[in-house]
Amino acid sequence: VKPYRTGEYVERINLVSEGLAWFNDPGMQFYLNVPDYYAWRPFGIHYSPQNSTLPAGSTVTITVAAQNVGNTTWKKSGPIPMRFATVAPLNRGSIYEHSNWLNSIRPAGLQETSVPPGGVGNFVFTVKVPSTPGEYRERFSLVAENLRWLNDPGFSLYIRSY
């Protein structure tokens with residue numbers, strides 16, 4: 001079962017005598033707040049070597065630290081593993097794809113066994129710098145695989161090649 005959309009909802013109710021008339025409206029309302037159980041924010045990025053300007057065609061190992069700002073513990077494995085993924089648009093091949101990625105649209109999975117709310121998890125992967133010198137930017141976000149996408153905080157990976 002997929003979760004409802006997050007946000008605040010208001011539902012007004014009243015009694016009716018079916019086929020005859022509505023009762024006086026007492027103004028009864030129900031309020032429901034659906035929190036975002038899966039959410040993240042970028043916490044840090046590390047390039048190894050420690051530079052985002054690299055030779056064309058080279059490789060670089062990237063570590064992205066992500067803070068769990070939702071209400072659900074992230075898992076490394078199981079039916080809903082947390083993955084780092086391409087976005088804008090979702091699930092598209094990347095110019096940075098490397099042969100050690102999980103697949104062409106998922107560079108990496110969560111390194112830690114689990115990350116509780118408020119904790120920080122790491123995603124480590126290798127990037128192949130495009131062979132043509134230039135400036136390259138790719139958008140990524142997190143996905144709770146087999147369930148749903150997390151919020152898109154606008155995270156981009158930037159590489160300049162020479």
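The values are calculated or read from the model by the stated rules, or taken from the named source; none is laboratory data. Fair warning: this is a prediction, and the values are worked out from it, not measured in the lab. A quick note on method: Cβ atoms are made from the backbone with ideal geometry, for glycine too, and the neighbour counts reach across all protein chains shown. Note: accessible area is taken over every heavy atom of the protein model, side chains too, but ligands, DNA and RNA are not part of it. Shrake-Rupley method; radii C 1.70, N 1.55, O 1.52, S 1.80 Å.
With an 8 Å cut-off on Cα pairs and a minimum separation of 6 or more residues, tell me the relative contact order of the chain in percent.
Computed value for the chain: 24 percent relative contact order.
Within the range 7-110, which GluC sites (Glu not before Pro) sit in a loop by DSSP and count at most 10 neighbouring Cβ atoms inside 10 Å?
Here the GluC sites (Glu not before Pro) that fit, given the DSSP loop and packing criteria, are E18.
Summarise the accessible area of the range 121-162 (1.4 Å probe, protein heavy atoms) by the percent that is carbon and sulfur.
C and S atoms contribute 46 percent here.
Heavy-atom accessible area per residue, the chain, 1.4 Å probe: how many Å²?
Solvent-accessible surface per residue comes out at 59 Å².
Nearest 0.05, what FRET efficiency do L15 and S114 give at R0 = 35 Å with Cβ-Cβ as r? Kindly include the intermediate steps, with their values, before the conclusion.
Working: r = 47 Å, r/R0 = 1.36.
So the FRET efficiency works out to roughly 0.15.
If you compute Kirkwood radius over Cα pairs in Å for the structure shown, which of [x] 18.6; [y] 18.1; [z] 15.9 do you land on?
Computing Kirkwood radius over Cα pairs in Å and matching it to [x] 18.6; [y] 18.1; [z] 15.9 gives [y].
Sorted by accessible area with a 1.4 angstrom probe, largest first, how do H98, H46 fall?
Largest accessible area first, the list is H46, H98.
Using only the alpha carbons of the range 72-162, what is the convex hull's orientation-averaged projected area in square nanometres?
The Cα convex hull of the range 72-162, projected and averaged over all directions, gives 6.1 nm².
Under 5 Å between amide hydrogens, which residues at least 5 positions from L54 or on another chain qualify, with H placed 1.01 Å from N in the peptide plane?
Sorted by chain and number, the residues that satisfy this are R160, S161, Y162.
Search the structure for amide H atoms under 5 Å from the amide H of F155, placed 1.01 Å from N in the peptide plane, and list their residues when 5 or more places away or on another chain.
Distant-sequence amide H within range of F155: F140.
Give the peptides 57-63, 142-148, 81-87 in descending order of average Cβ contacts within 10 Å, highest first.
The packing order, highest mean first, is 81-87, 142-148, 57-63.
Residue by residue through the range 88-97, which ³J(HN,Hα) values in whole Hz follow from phi under the Karplus form 6.51 cos²θ - 1.76 cosθ + 1.60 (θ = phi - 60°), with glycine and proline marked x?
Per-residue couplings from phi come out as 6, x, 4, 6, 10, x, 10, 5, 8, 3 Hz.
Using each residue's phi in the range 44-56, evaluate 6.51 cos²θ - 1.76 cosθ + 1.60 at θ = phi - 60° and report the 3J(HN,Hα) Karplus result to the nearest Hz, with x for Gly and Pro.
x, 9, 10, 9, 10, x, 7, 7, 9, 10, 9, x, 4
Please list 3J(HN,Hα) in residue order for the range 61-67, calculated via the Karplus relation 6.51 cos²θ - 1.76 cosθ + 1.60 where θ = phi - 60°; whole Hz, with x for glycine and proline.
8, 10, 10, 10, 9, 10, 8
Calculate the spin-label point distance for F30 paired with N100, positioning each point 7 Å from the Cα along the beta-carbon direction, and give it in nanometres.
That separation, rounded to one decimal, is 5.2 nm.
Can you check how the C-alpha radius of gyration of the range 104-146 compares to 2.2 N^0.38 Å, as a plain ratio?
Cα Rg divided by the expected 2.2 N^0.38 Å: 1.50.
Once you put a point 7 Å from the Cα of Y162 and another 7 Å from the Cα of S48, both along the Cβ direction, what distance in nm separates them?
It is 2.4 nm.
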